[in-house]
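Here's the structure, in structure tokens; my notes come after.
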Amino acid sequence: MSRRLRRVAALMVGFVLLVAACGGGSDSGSGDTSASSSTVAAPESSIAPATTVGGSDTTVAAPATGAISSVEDAKSGVIRIVAKGSFAEPAGTLAAYTETTGVFSGSGFIIDPSGIAVTNNHVVTGAATLEVFVGGSDESVNARVLGVSECFDLAVLQLEGDGYPFFEFRDGAVDPGLKVFAAGFPLGDPEYTLLDGIVAKAKADGDTNWASVDSVIEHTASIQPGNSGGPLIDESGQVVGINYAGGDVGGTGTSQFFAIGGDLALPTVEKLKDGDFLSLGVNGQAVVDPSIGLAGIFVSSVDTNSPAGSLGLQPGDVIEAIEGLPLGTDGTMKDYCDVLQSHAPTDKLKVEVLRFGDNLRLTGEFNGLPLTPIQSIVEQLPGGGDATQQVAAGASYSNYVTITDDTGLLSVNVPEEWGDVATVPYTNDAGEILGPEIIASPDIAGFQGTWGTPGVDFIASDPDPATSLNDWIDLAAGVLGTGDCQFVGDDAYDDGVYTGRISLWESCGGTDAQVVIIAAEPADGSYVALVAAQLLTQADYDAMDEIIRSFRVTL
């Protein structure tokens, strides 16, 4: 009998697995993992906040005071924001990005005679300097950022001076057909622009690749880059919403325009007067790159005086996971913002980051430990990296694909060459489903029956107080037939997300094949992940790093 054929029976004795406990559903980010053709392009380059803003010492006299009550008077309360700094943007694939230093422009509007103004987070977060111009004036006023929210894509500023004309929010229904006007300074032009349209949809989907709002207003008043943060007003000059997005949605060739409705924005604006809300200080966007099996939040810029700044995030970094939850897999910020909504602003949040520029995987904690490189699996093997000197270099694996099991609970990136994949749940002798499993190899039969084919086998289980992690390793070792191998040793394991035990066997069946088995748990101990791999070359060990980095259990 094959040394692997006893696997199912042996692994299932005495263990209850986590299918029922894991749940799943839409909140887990399941769905199309392509580069989100359904997400909307922000109307301007992401460039974000500094806590103080410089300008001239001259306070510009407003042409009128009091609440704005007509479209004709709207200009006096609209501001133009000029941000200077550098930021990064993805270029083609996540494996490349561009860094730009320059001047970027957005809009905003005043909501209080004392000079409190509203704009978008992506207009101000991470900027080195900001200049604010009121009502089309060519003289700037001093301002400072009171608070930002990257999840609502909102920011509140305090302008120097008082007695400003100001906008009030519309108190009434916003229904399709309502006539509206988009006011602002598109394309960085200092000349004020006003364009009309109607509300097309009152409750459009608010999950985009750079924000997560319950719903937004879709309208037909044309907006362009630079309109971000400007007001969408009705015929009485009252604010219906805050413009924040426009573009060709879904590749249909039809432009659509969106604003954050005042009913949702106003409570957040009130919070932002007292500081940040649902924010870690990141100006970024969700990105998905199936060609390299990677998804996350691409960081365009960072507020130095924020948890992201203290963590050590840099433009060009990709936040791959927070608290073990993969981010951006659906092309939106939803999962990122769900994590923030589930924790207090000061909570420590464990994070995984890919730094392309240095080809580094890092881990750290928002509000805690700064980013540090994650050790390669080779560095964690018993005996250090000496064991890998016994295997050939092997041809490198250039591309990885993401595999998800049939339950939707497990996912992992594996080399494209490991195209023989099994994703069905495993069962007991009675045919009862006991849990999720993924097996991947160039040839599963060769992986399970010989020592000549690399491959990997993943399972996940509910923790059992009577079963230690070493017990799990011993059980898997018996199934894999490591009695034909030379035992090298066992050691502690920590990859920045999971902690547990790692064991190594070599010279399996008189060949150069090696077996690595890892049994580990996330920080909350909610499940056990068991990873058993057969490795023949150093390239297989490189693949193992990507496999361990990408392995996820969706609870």
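Bear in mind that the values in this text are calculations on the coordinates, not laboratory data. Since we're looking at a predicted model, the values are computed, not measured. Please note: Cβ atoms are built from the backbone with ideal geometry, for glycine as well, and neighbour counts cover all protein chains shown.
In whole percents, the pair-distance distribution calculated for the stretch 482-555 from its alpha-carbon pairs, binned every 5 Å from zero, is 4, 15, 25, 24, 16, 10, 5, 1, 0. Could you tell me which of rounded, prolate or oblate describes the stretch 154-274, using a ≥ b ≥ c as the square roots of the eigenvalues of the alpha-carbon gyration tensor, with rounded for a/c under 1.5 and, failing that, prolate when a/b is larger than b/c and oblate otherwise? In terms of gyration-tensor shape, rounded.
Residues whose amide H comes within less than 5 Å of that of residue 493, counting only those at least five positions distant or on another chain, are 500, 501, 502 (H built at 1.01 Å from N in the peptide plane). All other residues whose Cβ lies under 14 angstrom from that of residue 395 are scored, Lys and Arg at +1 and Asp and Glu at -1, for a net of -4. Using a cut-off of 23 Å between Cα atoms, the listed pairs 84/203; 201/334; 179/201; 75/179 include 84/203 as exceeding that distance. For the stretch 52-272, the alpha-carbon coordinates run over 46, 41, 31 Å along the three principal axes, in decreasing order. Among residues other than residue 278 with Cβ under 12 Å from its Cβ, the summed charge is -3 (Lys and Arg +1, Asp and Glu -1). Taking θ as phi - 60° and the Karplus parameters 6.51, -1.76 and 1.60, the scalar couplings of the stretch 441-447 work out to 6, x, 7, 4, 4, x, 4 Hz in sequence order, x denoting glycine and proline. Scoring 144-150, 461-467 by mean Cβ neighbours within 10 Å over their residues and listing the highest first yields 144-150, 461-467.
Summary value for the stretch 330-419: 13 percent relative contact order, contacts being C-alpha pairs under 8 angstrom separated by 6+ residues.
For the stretch 282-373, just say rounded, prolate or oblate: build the C-alpha gyration tensor, square-root its eigenvalues into a ≥ b ≥ c, call rounded for a/c under 1.5, and beyond that prolate if a/b exceeds b/c, oblate if not.
oblate
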